[in-house]
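Taken together, the values in this text are just the output of simple stated rules run on the coordinates, not laboratory data. Because the structure is predicted, anything quoted here is derived from the model rather than measured. Note that each Cβ is placed from the backbone with ideal geometry, even for glycine, and that neighbours are counted across all protein chains shown.
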Amino acid sequence: MTSHLIALKDFSKPQLASLVDRALALKKDALAGRRHLNLAGRTISMLFDKPSTRTRVSFEAAMYGLGGQVIHMTSRESQLTRGEPLKDTARVLARYVDAIVVRTFGQYVVEELARYSKVPVINALTDLYHPCQVLSDIMTVVENKGELEGLKIVWLGDGNNMANSWVEAASVFGFPLTLACPEGYEPDADVLQQAQASAEKPIVLLHDPVEAVRDADVLNVDVWASMGQEDEQNKRLDIFQSFQLNTDLLGMADNNAIVLHCLPAHRGEEITDEVLEGPQSVAFDQAENKMHIHKAILEHFIK
Ligand code: CP
Ligand code: NVA
């Protein structure tokens with residue numbers, strides 16, 4: 001398997017499926033009280049430039065749960081803030097730790113760190129991708145639906161980092177994906193084009209939320225303005241209004257449809273409180289699953 005986790009497109013279906021299977025097994029073991037100290041004596045560095053609740057704590061809990069140690073640092077606390085090059089930072093950190101988990105703005109940052117790091121670099125969200133989150137989303141779908149085969153999976157809202165990683169997941173896993181985004185807010189054009197070119201099943205981009213949601217088995221939503229887009233928040237409230245996942249829209253999906261949200265949620269914007277707290281929402285299991293998938297990722301990538 002590729003030595004860094006930068007984007008889902010770098011992997012094959014069996015490779016990603018094995019991470020999901022391992023995470024499901026680790027979850028069962030954790031519930032049964034079985035612990036695996038497979039990373040005892042190992043250390044990761046977390047380099048975060050954006051806020052995080054789930055990703056930070058679930059990576060830290062995963063690493064400690066496997067017997068390892070974590071060193072967390074923001075770029076502001078590091079010499080990066082004073083202009084030290086990424087390539088020097090990568091080469092130095094790689095001499096101290098066994099993996100570097102990065103949350104930042106530009107995808108080029110994780111790519112540059114990976115180019116120079118001798119230890120795995122793991123993408124914990126950039127403006128372009130959120131690959132680890134989408135692996136826990138897929139784990140949550142498999143946990144609830146048994147398999148990906150035969151499902152109508154829908155992305156509703158902004159064509160953001162989450163949407164881009166879902167597009168790549170559809171191409172790698174070979175499941176059909178329907179996206180409904182407002183015009184001008186589609187997924188990254190290159191990501192979409194590349195994924196569609198190699199996908200076995202259709203990746204369809206629509207602009208009508210009602211058409212997209214009809215008979216869906218899995219509905220995915222995320223905030224309308226991602227981190228770094230705070231200035232556009234008010235403008236987006238108007239543009240995205242018809243994409244809100246409320247009981248009316250959910251009623252058009254299959255009766256047993258599940259609702260995914262990577263959180264944090266803005267209730268009353270992309271999702272209503274009723275839907276997020278309702279029986280079809282699996283958002284909090286999905287949040288828990290981040291810890292199990294992060295264990296599987298750390299276990300796999302740290303040699
Ligand atoms: N879903 C997710 O990545 O949440 P955080 O921003 O809290 O890490
Ligand atoms: N698209 C969101 C995901 C947050 C986990 C963002 O980038 O802010």
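Numbers below:
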quantity	calculated
Cβ-based exposure ranking for T126, T178, in which fewest neighbours within 10 Å come first	T178, T126
Cα-Cα pairs of region 228-277 separated by more than 13 Å (percent)	62
Highest-MSF residue in the chain out of H261, H130, H36 [GNM, Cα springs under 10 Å]	H36
Highest-MSF residue in the chain out of L260, L192, L37 [GNM, Cα springs under 10 Å]	L37
Once the Cα gyration tensor of the chain is diagonalised, semi-axes √(5λ) in Å	31, 22, 18
Net charge contributed by nearby residues that have their C-beta within less than 13 Å of E147 (K/R +1, D/E -1)	-2
Cα-projected label distance for E232 with D285, points at 7 Å along beta-carbon direction, nm	3.3
Cα shape, region 189-303, gyration tensor, a/c 1.5 rule	rounded
Cα-only Debye scattering, region 35-96: base-10 log of I(q)/I(0) at q = 0.27 Å⁻¹	-1.12
Equivalent ellipsoid semi-axes, region 79-201, via Cα gyration tensor eigenvalues times 5, rooted, Å	31, 17, 12
